[in-house]
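Report on the structure given below.
Derivation of every value follows stated rules applied to the coordinates shown; laboratory data play no part. Keep in mind it's a predicted model, so treat the numbers as computed, not measured. Counting neighbours? That spans all protein chains shown, and the Cβs are built from the backbone with ideal geometry, glycine included.
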Amino acid sequence: MKKLILALGLSAATLGVSANTFKNVNSIQSFSEEGKKVEIEATKLPEKITKGIMDANKERKIVKSFQLLDAAGILVGYEVVVLNDKKEEVFKFDKNGDLKKEIITPNPNAPKETEKK
């Protein structure tokens, strides 16, 4: 019986630590539930972000940029929407400018490829 109680206690403690760690790791992704997204000028982004985006592909154009704030209004990261000729990319960065997530979708304004006969 003591072993069962000890095992249950350790399991609960492990879940608590894991949940807290998961929340910290994903804090940039859950900002909308706990904070807000504020649109900013692309010129207000850290140079590390703009340089990284533009160095990877000179054809990219930053069309929207946001600061991601937690519930207390503290900066937790950035979101940048980028267009090029074929796709739209959404990048999420932490507050230090390190890339955390990239979402790629087709650019709805891209010229349609013609079918070859």
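Summary table below
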{"read-out": "Which of Leu69, Leu45, Leu99 has the fewest Cβ neighbours within 10 Å, and the rest in rising order", "value": "Leu99, Leu69, Leu45"}
{"read-out": "Separation in nanometres of the label points that stand 7 Å from Cα toward Cβ, at Glu59 and Thr105", "value": "2.1 nm"}
{"read-out": "Environment charge at Phe93 (Cβ cut-off 9 Å; Lys +1, Arg +1, Asp -1, Glu -1)", "value": "+2"}
{"read-out": "Cα-projected label distance for Ala72 with Glu41, points at 7 Å along beta-carbon direction, nm", "value": "3.0 nm"}
{"read-out": "Cα→Cβ-extended label distance, 7 Å offset, between Asp98 and Asp85, nm", "value": "3.5 nm"}
